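Asker: I have a structure I would like to understand better, so I am pasting it below and will then ask my questions one at a time.
Here, each number is a calculation from the coordinates, and none is a lab measurement. Here the structure is a predicted model, which is why all the values come from computation and not from measurement. Glycine gets a Cβ as well: all are built from the backbone with ideal geometry, and neighbour counts include every protein chain shown.
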There are 2 protein chains.
Amino acid sequence: MYEGAVQDLIDELGRLPGVGPKSAQRIAFHVLAADPADVRRLVDALTEVKARVRFCEVCGNVSQEPQCRVCRDPRRSPTTICVVEEPKDVVAIERTREFRGKYHVLGGAINPIAGIGPDDLRIKDLLTRLQDGTVTEVILAMDPNVEGEATATYLARMLVPMGLTVSRLASGLPVGGDLEYADEVTLGRAFEGRRRISA
Amino acid sequence: MYEGAVQDLIDELGRLPGVGPKSAQRIAFHVLAADPADVRRLVDALTEVKARVRFCEVCGNVSQEPQCRVCRDPRRSPTTICVVEEPKDVVAIERTREFRGKYHVLGGAINPIAGIGPDDLRIKDLLTRLQDGTVTEVILAMDPNVEGEATATYLARMLVPMGLTVSRLASGLPVGGDLEYADEVTLGRAFEGRRRISA
């Protein structure tokens, strides 16, 4: 509907996740009217990310160095590894400031429907990291959904016989949530995992 | 939270309209994992739009030429001008295939709260276009909200005394809508503008 360059931009923006045709149009017009320096900064940021960001050779997290910030940090405990699906999960856990160990990013979860099996994830790299005996504890922090559960079960079956302490993040009611709005699976898990209060 | 380039990209994406912090993060990770050629196409589209797209010297619509596609088209009637707020309104009206005249894009609407007065809109350019007497009809197609109404009233007061046929788009029930869900102002307008059915 628009002339060449505007329509091209709307088409390209519309390919981004979560950007529908209306948003793409809105962003395109914003870009059209924007200060050229602002658009240049966005273009540079896109180019820089593709040019400079790679994956950490140890844990698979995003990084601008061969090793990521967490793997480079000597204050982080090398005895505990928290296994996650994606780099954004690392950021979510870092925000809690609860965890002082290292990470391992699988790059997804086992999903037979999407054709993702254990060999498509960075599981071999995880086993290599466990070989020298430094790591004694593995926390499985997959998403609390079918694919995440399947992946955690698969890994637990492999890791428990190796004599490691293996745990899974607790499921239950979200803090600040409302019991009556919790879905039945979550509420069921909250019952299952109830904790005794001692006097 | 992320290292340099990734965080920079999230920040820049978050400045786009309708893109919140979560969407910005999602898009950034999509870009990270995307084929470099796809990202290059987005970067090129952004650069091209800023380099090549300007505003039509006649009507103010977006264009890659000094004059836009509608103004260049000799089959479009030069006697009717449809005045709109933004270039995207031109696209919306073109989609209806109902209008075969020319456009005039004001670049916004009168909005005293946002500090936009008549002088900030392309109203002088409109008056210049009306001077040679070719145009006999002006359709005011502003948004049906307070700012749009104010702008239409302002223009009508100026244009009617010039002997032009001036009209405003009809307000009423949206086609395919449900009467019971129409807000009272729209329903009121639908009554006000009711059309007699002759036998």
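Asker: Mind listing the label-point distances from B:THR47 to the same position on all other copies, shortest first, one decimal in nm, points 7 Å along Cα→Cβ?
Answerer: Computed spacing set for this position: 0.6 nm.
Asker: Another question, if that's okay. Based on the alpha-carbon gyration tensor of the stretch B:1-55, what equivalent-ellipsoid semi-axes (square roots of 5 times the eigenvalues) come out, in whole Å, largest first?
Answerer: 22, 15, 9
Asker: On to the next question. Please determine, in degrees from 0 to 90 and to the nearest 10, the orientation of helix B:36-52 with respect to the longest principal axis defined by the Cα atoms of chain B, where the helix direction is its Cα long axis.
Answerer: Its long axis makes an angle of about 40 degrees.
Asker: Please report which chain A residue places its beta carbon nearest the axis carrying chain A onto chain B, with the distance rounded to a whole angstrom.
Answerer: Whole-Å result, nearest residue of chain A to the axis: A:VAL43, 3.
Asker: Using a Förster distance of 30 Å, how high is the FRET efficiency between B:TYR181 and B:ASN145, based on the Cβ-Cβ distance and rounded to 0.05?
Answerer: My answer for the efficiency is 0.95.
Asker: Once you have the alpha carbon radius of gyration of the stretch B:80-127, what is it after dividing by 2.2 N^0.38 Å, with N set to its residue count?
Answerer: Here the Cα radius of gyration is 1.24 times the empirical estimate.
Asker: What is the order of A:THR165, A:THR47, fewest Cβ neighbours within 10 Å to most?
Answerer: A:THR165, A:THR47
Asker: Just subtract the alpha-carbon distance of A:ARG72 and A:PHE191 from 0.36 nm times their residue separation and send over the number in nm, one decimal.
Answerer: My answer for the length gained is 38.8 nm.
Asker: List the distances, in nm and shortest first, from the label point of A:GLY188 to the matching label points in every other copy, placing each point 7 Å from Cα along the Cα-to-Cβ direction.
Answerer: 5.3
Asker: Calculate how steeply helix A:146-159 sits against the longest principal axis of the alpha-carbon atoms of chain A, using the helix alpha-carbon long axis, and give the answer as 0 to 90 degrees to the nearest 10.
Answerer: So the inclination is approximately 40 degrees.
Asker: A further question follows. Just how far, in whole angstrom, is the stretch A:103-144 from the stretch B:83-102 if you go by their alpha carbon centroids?
Answerer: Spelled out, the Cα-based centre of one part sits 54 Å from the other.
Asker: List, shortest first and in nm to one decimal, how far the label point of A:GLU94 (7 Å from Cα along Cα→Cβ) is from its counterparts in the other copies.
Answerer: 4.5
Asker: So what is log10(I(q)/I(0)) for the stretch A:75-168 at q = 0.19 1/Å, when the Debye sum runs over its Cα atoms only?
Answerer: Values, matching the q order: -0.87.
Asker: Oh, and also: At 25 °C and 0.890 mPa s, what whole-number value in µm²/s does Stokes-Einstein give for the translational diffusion of the stretch B:22-151, with Rh from the Kirkwood sum over Cα pairs? Spell out each step's value before the answer.
Answerer: Numbers: Rh = 16.9 Å.
So the translational diffusion coefficient is about 145 µm²/s.
Asker: Still on this structure, I have one more. Sum up the charges of everything whose Cβ sits under 12 Å from the Cβ of A:GLY60, counting Lys and Arg as +1 and Asp and Glu as -1, but leave A:GLY60 out.
Answerer: 0
Asker: Under 10 Å, Cα contacts only: if you run a Gaussian network model on chain B, which one of B:LYS102, B:LYS88, B:LYS22 comes out with the highest mean-square fluctuation?
Answerer: Highest fluctuation of the listed residues: B:LYS22.
Asker: If you take the C-alpha gyration tensor of the stretch B:144-199, multiply each eigenvalue by 5 and take the square root, what semi-axes do you get, largest first, in whole Å?
Answerer: Numbers: eigenvalues 138, 54, 12 Å².
So the three semi-axes of the stretch B:144-199 are 26, 16, 8 Å.
Asker: Give me, ordered by chain and number, the residues 5 or more places off A:TYR103 or on other chains with an amide H under 5 Å from its own placed amide H.
Answerer: Amide H to amide H, under 5 Å and 5 or more residues apart or across chains, A:TYR103 pairs with A:CYS82.
Asker: With a cut-off of 8 Å between alpha carbons and a minimum separation of six or more residues, what is the relative contact order of the stretch B:19-133 in percent?
Answerer: 18 percent
Asker: What does the average come to when, for each residue of peptide B:29-35, you count the partner chain Cβ atoms lying within 10 Å of its Cβ?
Answerer: Per residue, the average neighbour count from other chains is 5.
Asker: Sticking with this structure for a sec: Taking 7 Å along the Cα-to-C-beta vector as the label spot, tell me the A:ALA170-A:ARG40 distance in nanometres, rounded to one decimal.
Answerer: For A:ALA170 paired with A:ARG40, the spin-label model returns 5.3 nm.
Asker: With θ taken as phi - 60° and the coefficients 6.51, -1.76 and 1.60, list the Karplus ³J(HN,Hα) couplings across the stretch A:179-184 in order, rounded to whole Hz; mark glycine and proline as x.
Answerer: For the stretch A:179-184, the Karplus curve yields 3, 5, 9, 5, 5, 5 Hz.
Asker: To continue, here is another question. Could you put B:TYR103, A:TYR154, A:TYR181 in order, starting from the residue whose Cβ has the fewest other Cβ atoms within 10 Å?
Answerer: A:TYR181, A:TYR154, B:TYR103
Asker: Starting from the coordinates of the alpha-carbon atoms of the stretch B:39-94, obtain the Kirkwood hydrodynamic radius over all distinct pairs and give the value in Å to one decimal. Let's see the in-between values first.
Answerer: On the way: mean 1/r = 0.0790 Å⁻¹.
Answer for the stretch B:39-94: a Kirkwood hydrodynamic radius of 12.7 Å.
Asker: Rounded to two decimals, what is Rg over Rh for the protein assembly as shown when you use alpha-carbon atoms and the Kirkwood radius?
Answerer: 1.12
Asker: Where does chain A land at 222 nm, in deg cm²/dmol rounded to the nearest 500, when only DSSP H runs of n ≥ 4 count, each adding -39500 (n - 2.57), divided by all residues?
Answerer: -13000 deg cm²/dmol
Asker: Can you work out the Karplus-derived ³J(HN,Hα) for every residue in the stretch B:94-105? Use 6.51 cos²θ - 1.76 cosθ + 1.60 with θ = phi - 60°, whole Hz, and x for glycine or proline.
Answerer: 4, 4, 6, 6, 9, 10, 10, x, 9, 10, 9, 9
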